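The values are calculated or read from the model by the stated rules, or taken from the named source; none is laboratory data. Note that the coordinates shown come from a computational prediction; the quantities given were computed from them, not determined experimentally. Cβ placement follows ideal geometry from the backbone for every residue including glycine, while neighbour counts extend to all protein chains displayed. Just the protein is used for accessible areas: all its heavy atoms, side chains included, with ligands, DNA and RNA removed. Shrake-Rupley method; radii C 1.70, N 1.55, O 1.52, S 1.80 Å.
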Amino acid sequence: MKLDKWYKSIVEANTEAPPEAVWEGIQNALDIDLVWSKIESDLSVNKKKPIYARLAVAASIVLALALGGLLLYQPWNISSQSQLVESSVNYDETPSSELLYSDGEGAKDIHSLEGTGPNQIADVTRSTQFDAEEIDEYGVQPGKSSVDGQVDVGLERIEMLAASYVPFTLSERVAVDAIAELPVEEEDYYDKTTGLRSVYVGLTGHLANTWLLSSKTFMGLQPDDLTNTNITFASNVGVQLGAEVNPSLKLQTEFLWLSQNRQQYNEYLNGKYVTSMLELDYYTISLQTKYRLSSNHSLMLGGYFGLMKTARQSVDEAVFVLDTEYGNYDYGLILGYEYPIPFGSKFTFTPGVFAKVGLTNVFTGNELIPFYLNKTQNASVNLTFSVAYNIF
Amino acid sequence: MSIELYNEEEVLQGCQQENRRCQEILYRRFAAKMYGICLSYAGDRALAQDMLQEAFVKVFRSIKDFRGDGSLEGWVRRIVVRTAIDLLRQRQSLEKLEKEEFYSESLTQNEALPNLQMGEMISYINKLPDGARVVFNLFAVEGYTHREIAEQLNISEGTSKSQYNRARTLLKDWLGKVD
């Protein structure tokens with residue numbers, strides 16, 4: 001047994017370090033493992049992509065329908081409805097003022113309408129069914145003459161009106177007259193030709209903390225990774241055109257002729273530790289809906305579409321054009337907050353903050369890396385300042 | 001990089017999170033000892049390096065399964081030995097293990113053993129037949145019984161004993177000629 005112990009002691013006391021090539025081989029094998037696991041995860045993400053795409057389309061349709069519905073049923077449409085009423089009042093030659101209400105309830109209803117808002121009146125005017133019972137509610141008794149003989153709305157008359165399809169009921173006539181008599185308050189002012197309360201143009205600028213959301217960026221945020229992701233800022237400049245469609249809602253479009261996305265890294269490239277900056281510049285147009293929470297607080301929701309201007313990577317002093325590696329367009333969502341401050345009679349200064357997230361992979365691939373292995377999305381957090389002039 | 005700055009638990013956690021720095025620390029902490037074990041099974045450096053590389057890749061791939069029931073070194077060592085045997089089996093070095101009759105000729109207490117280093121020892125180990133070398137290592141270094149060795153190598157217990165005795169006899173013979 002002495003031999004065994006002697007042999008074991010020699011084996012265990014070995015201090016000969018293996019050559020460095022062994023550790024390099026281990027690292028290579030582990031790197032291959034990482035690549036495969038990434039490919040597997042990317043493939044599984046790509047499989048799920050159609051579901052997300054369908055959800056995004058469905059959400060867009062719902063949003064469009066909701067906005068459309070909101071626009072259709074808001075009071076700024078009263079002008080067009082009242083114009084329609086005025087142009088199509090052919091139901092009866094009898095002036096509305098000569099209508100007789102046997103018990104006076106109709107007159108009381110007219111009075112009550114004066115205190116109601118435009119929505120309720122619009123609801124009344126939308127009713128288009130001729131209904132004898134409804135007439136009864138206003139005190140018009142079929143077959144009976146009026147007290148002073150001005151108008152006699154008898155059963156035959158009602159039936160005749162019904163048979164000839166009169167598009168407006170008595171209640172509608174009452175409502176139309178009530179609308180005509182309502183005082184126009186300054187708060188409810190709107191332009192009768194456009195249906196808009198105000199239209200404005202302005203200049204806008206953003207100070208943006210931009211991010212290129214990619215695996216390289218995320219790995220660079222880990223302290224032990226060789227690549228270091230730096231916080232990067234950029235700026236956007238453009239013009240805006242907007243309209244206040246009702247006291248709570250504004251629609252606005254912005255065109256940015258300078259729309260920058262930047263991401264800076266410290267990384268090993270070609271054996272040197274260098275600072276590199278990926279620069280994606282776009283022309284961007286956005287459509288935003290602004291909902292006023294109170295007099296000076298607004299929430300903003302919208303979408304943007306960007307057309308690629310240039311894609312470059314600067315490494316220290318050298319600049320490389322990457323136009324073929326990044327897509328021609330980008331699109332995404334905007335969500336933010338604004339605090340409009342009016343000054344003078346026509347101007348508004350609006351500071352705000354918003355987040356922008358791209359929904360598409362802007363990396364289209366190169367000869368080494370296919371597009372699906374380096375998914376890259378634009379994103380930014382923006383401080384925004386704009387000055388707008390109210391045209392009317 | 002200072003290996004001693006990290007305790008074993010930190011290194012283990014880092015390896016389980018696939019942290020390359022911790023993987024390197026763990027490798028460098030055990031590399032020399034495990035390389036010695038690989039040399040004792042391989043008999044030549046090139047094969048020992050292949051064994052060591054493959055064994056550590058297995059260690060890092062399966063380290064998430066390490067539950068800390070025993071020591072980390074013991075767990076790594078078991079993987080190294082198993083990998084060494086697998087590689088020898090892949091090379092069909094263990095297929096011709098047969099029961100051979102060898103007398104057990106233990107060295108007496110008074111016999112002086114030469115003061116060899118691992119480098120010199122390799123030249124003797126390399127001379128041993130593959131089967132005898134593996135059985136001798138499993139018995140003398142790892143402390144397995146002949147029954148356990150027989151199960152691992154899929155041979156009979158008798159074959160394990162005879163291969164062990166063969167290795168001892170050959171080593172004794174060679175070492176006797178060492179000045």
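Take the stretch A:212-263 with all the other protein chains still there, run a 1.4 Å probe, and you get 43 Å² of accessible area per residue. Overall shape: prolate for the stretch A:214-315, with the ratio a/c of the largest to smallest alpha carbon gyration tensor axis at 1.5 or above and a/b above b/c.
Taking 7 Å steps out from each Cα toward its Cβ at A:Leu221 and A:Val321 produces label points 3.4 nm apart. Averaged over peptide A:18-24, the number of partner chain Cβ atoms lying within 10 Å of each residue's Cβ comes to 6.
Per-residue Karplus couplings for the stretch A:197-204, computed as 6.51 cos²θ - 1.76 cosθ + 1.60 with θ equal to phi - 60°, are listed in order as 7, 7, 10, 9, 10, x, 10, 9 Hz, Gly and Pro entered as x. Protection proxy ranking, highest mean first, for peptides A:33-39, B:161-167, B:122-128: B:161-167, B:122-128, A:33-39, where packing is the per-residue count of other beta-carbon atoms within 10 Å, averaged.
Summed over both chains, the accessible area lost when B and A associate is about 3400 Å², using a 1.4 Å probe.
Interface burial in the stretch B:137-179, defined as at least 30 Å² less accessible area with all protein chains than with the chain alone at a 1.4 Å probe, covers B:Ala140, B:Val141, B:Arg168. Quick one: with all protein chains in place, what share of the accessible area of the stretch A:234-292 is carbon or sulfur, to the nearest percent (1.4 Å probe)? Roughly 59 percent, rounded to a whole number. Take each residue in B:62-75, count the other chain C-beta atoms within 10 Å of its C-beta, and the mean is 0. Packing, taken as the mean count of other beta carbons within 10 Å per residue, orders the peptides B:30-36, A:15-21 from highest to lowest as B:30-36, A:15-21.
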